[in-house]
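The values are calculated or read from the model by the stated rules, or taken from the named source; none is laboratory data. No experiment lies behind these values; they were computed from the predicted model shown. Counting neighbours? That spans all protein chains shown, and the Cβs are built from the backbone with ideal geometry, glycine included. What goes into the accessible areas is simple: the full protein's heavy atoms, side chains included, and nothing from ligands, DNA or RNA. Shrake-Rupley method; radii C 1.70, N 1.55, O 1.52, S 1.80 Å.
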Amino acid sequence: MSATAALPESQIGRVWTRFRRHRLALAGAAVVALLLASALFAPVFAPQDPTLLDTALRFRAPFADWAHPLGTDELGRDTLSRLLHGGRVSLTVGLVAMVTTVATGALIGITAGFLGGWIDTLLMRFVDTMLCFPQVFLLLVVAAFVPPTLLSISLVIGLTSWMEVSRIVRAEILHLKEQDFVAAARALGASRARIMFRELLPNAAAPILVAATLKVASAVLMESYISYLGYGVQPPLASWGNMLTNAQGYFDTVPWLAILPGAAITLTVMGFNFLGDGLRDALDPRLRMDP
Amino acid sequence: MAEALLKVAGLEVHFPLRSPFLQRRIGTVRAVDGVDLEVARGETLAIVGESGCGKTTTGKAILRLIDPTGGSIRFGGQEIAQHGTAALAPFRRRMQIVFQDPYASLNPRMTVGSILAAPFEIHRIGQARDRAERVAGLLRTVGLPPEAARRYPHEFSGGQRQRIGIARALALEPELIIGDEPVSALDVSIQAQIINLMKRLQAERGLAYIMISHNLAVVSHVADRVAVMYLGRVVETAPREQLFFNAQHPYTQALLSAVPEPVPGRRRSRQVLQGDVPSPARPPKGCHFHPRCPIAQARCAEEAPASRIIAPGHAVACHMVTP
């Protein structure tokens with residue numbers, strides 16, 4: 001008797017087959033890979049120091065001169081260098097915020113879903129309360145009290161956007177905890193923590209992965225909002241959001257200063273969203289989450 | 001006979017029924033309503049009954065997977081019905097369960113090796129390095145190759161998965177295994193293999209089984225004694241031969257007459273019950289079976305019959321049965 005049973009291809013193989021059919025997701029994955037590489041190697045690719053001023057060379061147009069392929073800004077800083085380094089900042093904030101969001105949301109969701117009872121009621125009403133406030137408003141209130149550093153911005157974004165993740169995880173746990181393998185673990189005497197984190201959490205990995213991808217996109221967008229409003233990443237450190245702030249005074253005369261960081265934000269958000277959509281369809285066709 | 005391995009008396013599991021919005025208690029589902037059972041070491045007790053009669057809930061309450069609302073559970077001479085998590089820990093090693101659905105009872109994200117190593121990790125048995133050897137030993141015991149440890153549950157057939165479930169139940173060397181319909185989800189050809197495996201393990205290890213089943217053909221193969229449940233109560237308990245050839249309770253007789261006859265064309269008196277099983281949220285007064293009983297009298301609607309012993313090992317809860 002052989003131990004292999006009827007399964008023509010592995011689970012990963014099936015997921016990849018479904019993912020590959022999703023053209024936009026493939027494009028999204030390529031864009032995300034490109035952005036991550038450019039952020040990682042920003043110091044290598046950037047033509048010069050992003051904070052280097054050269055007032056003799058202000059408002060250079062893109063493609064006009066090889067020293068500054070995407071032109072210069074109002075202080076003569078190289079736009080390409082600022083975009084690359086700003087991307088580094090924006091993606092760092094996006095990823096750290098995503099990790100915070102997923103960790104908080106998963107912990108609260110699994111606790112509420114598994115323990116149930118008044119703990120569940122309490123946590124879910126807290127989620128409802130948090131969702132009552134627009135996220136930008138929450139961000140600005142907190143940002144007014146917390147000095148803006150990369151870490152504090154990331155944490156603040158992460159801690160104001162975990163609610164959807166906790167709802168997704170809770171719903172998944174409510175379904176999973178009734179399965180016999182959980183009863184089997186209880187019959188063996190497994191502790192609650194073991195059941196929650198060893199038995200249940202790995203089974204909720206697919207929706208968490210999808211939510212994580214989509215959360216990077218929204219965190220990048222959030223960082224741009226608050227940096228644009230001046231509460232986020234502080235000059236001279238470049239981020240796509242504060243590049244937009246600087247550009248708004250010159251929008252009628254030098255539009256590319258706003259268009260370039262705007263396009264970078266759009267590309268990143270779309271890349272992560274398409275990647276997330278593709279992963280969702282590939283991992284779990286049942287699953288739907290509002291962006 | 002020394003005290004039985006397991007002695008259940010007056011076991012009750014009542015679930016509150018709550019209103020949708022205010023969560024007020026509006027009723028009680030009497031899933032298990034006063035069950036008495038005894039299991040000796042090394043014997044097999046079968047619990048039979050229709051869907052919804054409370055047999056699975058009884059099994060889960062004995063294992064304390066569901067908290068009983070009343071009654072006593074004595075295991076190895078000790079009362080465990082009210083034990084908390086910590087006090088139950090030593091009993092977890094002595095009682096185990098095999099589930100009906102071999103697809104839902106194994107964690108799809110864990111390899112068979114980690115599923116089978118979990119009992120040793122939870123109870124801190126052995127060193128991490130010799131656990132692989134223990135897992136291989138368990139797999140050999142249930143007739144699977146040791147290489148199976150590296151695979152995931154979805155790579156196995158239903159019968160193979162049920163073998164893995166049995167191996168997990170054996171890991172802690174329990175004295176009692178509760179089989180909750182352990183073969184009813186399997187193909188008929190595979191059922192016999194699993195039953196024979198369980199019988200072999202019983203003979204080798206002196207295991208006691210509680211086999212929960214609605215399949216009387218399976219019960220007639222495995223059981224030493226049989227308890228028949230109807231709507232949360234045990235109506236008749238008897239040694240296997242007694243039950244199959246000398247059933248006294250009218251419900252047991254009806255249940256036996258519903259078993260398909262293996263010889264085509266042969267006719268027997270088929271006793272068809274009228275009506276449906278009442279809801280356990282509103283069980284009938286008196287004997288739970290009286291609204292459907294062919295021989296019910298006025299007394300049956302008023303007074304619940306006590307279980308009376310009419311022959312050695314044969315107990316019946318019916319006013320109309322006289323010793």
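If you take each beta carbon of peptide B:283-294 and count the beta carbons of other chains within 10 angstrom, what is the mean?
Per residue, the number of nearby Cβ atoms from other chains is 0 on average.
Which whole-angstrom value gives the distance between the alpha carbon centres of segment A:42-113 and segment B:56-127?
55
At a temperature of 37 °C and a viscosity of 0.692 mPa s, determine how fast segment B:168-208 diffuses translationally according to Stokes-Einstein, using the Kirkwood radius over alpha-carbon pairs as Rh; express D in µm²/s, rounded to the nearest whole number.
300
How do B:ARG109, B:ARG163, A:ARG14 stack up against each other in accessible area, from largest to smallest, with a 1.4 angstrom probe?
Correct descending sequence by accessible area is B:ARG109, A:ARG14, B:ARG163.
Taking every residue in B:154-161, how many Cβ atoms of other protein chains lie within 10 Å of its Cβ, on average?
Mean partner-chain Cβ count within 10 Å for B:154-161: 4.
Please compute how much accessible surface disappears when A pairs with B, both sides summed, using a 1.4 Å probe, and round it to the nearest 100 Å².
For A against B, buried area totals roughly 2400 Å².
Could you calculate, for segment B:94-244, the ratio of the Cα radius of gyration to the Kirkwood radius, expressed as Rg to Rh?
Rg divided by Rh gives 1.00.
Whole-Hz Karplus ³J(HN,Hα) for segment B:271-277, in order, using 6.51 cos²θ - 1.76 cosθ + 1.60 and θ = phi - 60°, x for Gly and Pro?
Running phi through 6.51 cos²θ - 1.76 cosθ + 1.60 with θ = phi - 60° gives 9, 9, 7, 8, x, 10, 5 Hz.
With every protein chain in place, what's the accessible area of B:ILE66 (1.4 Å probe, Å², nearest 10)?
Ignoring ligands and nucleic acids, B:ILE66 comes out at about 40 Å².
Considering every Cα-Cα pair within segment B:1-77, what fraction, in whole percent, is farther apart than 16 Å?
Tail of P(r) above 16 Å: 55 percent of Cα pairs.
Using Cα positions and a limit of under 20 Å, work out the lysines in reach of B:LYS7, with same-chain residues fewer than 8 apart set aside.
Answer for B:LYS7, where 20 Å is the Cα cut-off: B:LYS55, B:LYS60, listed by chain and number.
No solvent, one uniform scatterer per C-alpha: report log10 I(q)/I(0) for the protein assembly as shown via the Debye equation at q = 0.07 1/Å, two decimals.
Treating every Cα as an identical point scatterer, log10 I(q)/I(0) equals -0.61.
Hey, what do the phi angles of segment A:215-225 turn into as Karplus ³J(HN,Hα) couplings, whole Hz, using 6.51/-1.76/1.60 and θ = phi - 60°, x for Gly and Pro?
Using θ = phi - 60°, the values come out as 5, 4, 4, 6, 5, 4, 5, 4, 4, 5, 3 Hz.
With Kirkwood's inverse mean 1/r over C-alpha pairs for Rh, give me the Rg to Rh ratio of chain A, two decimals please.
Expressed as Rg/Rh, it is 1.07.
Rounded to the nearest Å, what's the spacing between the alpha carbon centres of segment A:214-268 and segment B:141-208? Just the number, please.
If you average the Cα positions of each part, the centres end up 61 Å apart.
Which residue, A:PHE45, A:PHE181, A:PHE59, tops the fluctuation ranking in a GNM of chain A built on C-alpha contacts under 10 Å?
A:PHE181
Restricting to Cα atoms and excluding each atom paired with itself, what does the Kirkwood estimate give for segment A:24-146 in Å?
When all Cα pairs of segment A:24-146 are included, the Kirkwood radius is 18.2 Å.
From other protein chains only, count the Cβ atoms within 10 Å of every residue's Cβ in A:174-186, then give the mean.
Mean number of neighbouring Cβ atoms from other chains: 6.
Just to be sure I understand: with springs between alpha-carbon atoms less than 10 Å apart, which residue in A:PRO261, A:PRO148, A:PRO69 has the highest mean-square fluctuation in the Gaussian network model of chain A?
A:PRO69
Mean projection of the alpha-carbon convex hull of segment B:88-173 over all orientations, in nm²?
Over every viewing direction, the Cα hull of segment B:88-173 projects on average to 5.3 nm².
How large is the accessible surface of A:HIS22 in square angstrom, using a 1.4 angstrom probe and rounding to the nearest 10?
That residue has around 50 Å² of solvent-accessible surface.
To test your reading of the geometry: what angle, between 0 and 90 degrees and rounded to tens, separates the Cα axis of helix A:23-40 from the longest principal axis of chain A?
So the helix axis and the longest Cα principal axis differ by about 60 degrees.
For segment A:154-291, take every pair of Cα atoms, bin their distances at 10 Å starting from 0, and report each bin as a whole percent.
11, 30, 25, 18, 10, 5, 1, 0
Please list, in chain and number order, the residues 5+ apart from B:ARG233 or on another chain whose amide H is under 5 Å from its amide H, with Hs placed from the backbone.
Here the answer is B:ASP33, since their amide H atoms fall under 5 Å of that of B:ARG233.
Suppose we flag GluC sites (Glu not before Pro) only when DSSP calls them loop and at most 12 other Cβ atoms lie within 10 Å. Which is the longest uninterrupted stretch of chain A?
Answer from the scan: A:10-177.
Which value results for Rg/Rh of chain B when Rg is the Cα radius of gyration and Rh the Kirkwood radius based on the inverse mean 1/r?
0.99
Could you compute how fast segment B:201-323 diffuses translationally, taking Rh as the Kirkwood radius over C-alpha pairs and applying Stokes-Einstein at 10 °C with viscosity 1.306 mPa s? Give it in µm² per second.
Roughly 100 µm²/s, to the nearest whole number.
For n ≥ 4 DSSP H runs only, could you compute -39500 (n - 2.57) per run for chain B, divide by its residues and tell me the 222 nm figure to the nearest 500?
Rounded to the nearest 500, the figure is -8500 deg cm²/dmol.
Find the accessible area per residue for chain A; the probe is 1.4 Å, ligands and nucleic acids are left out, and the unit is Å².
Result: 48 Å² per residue.
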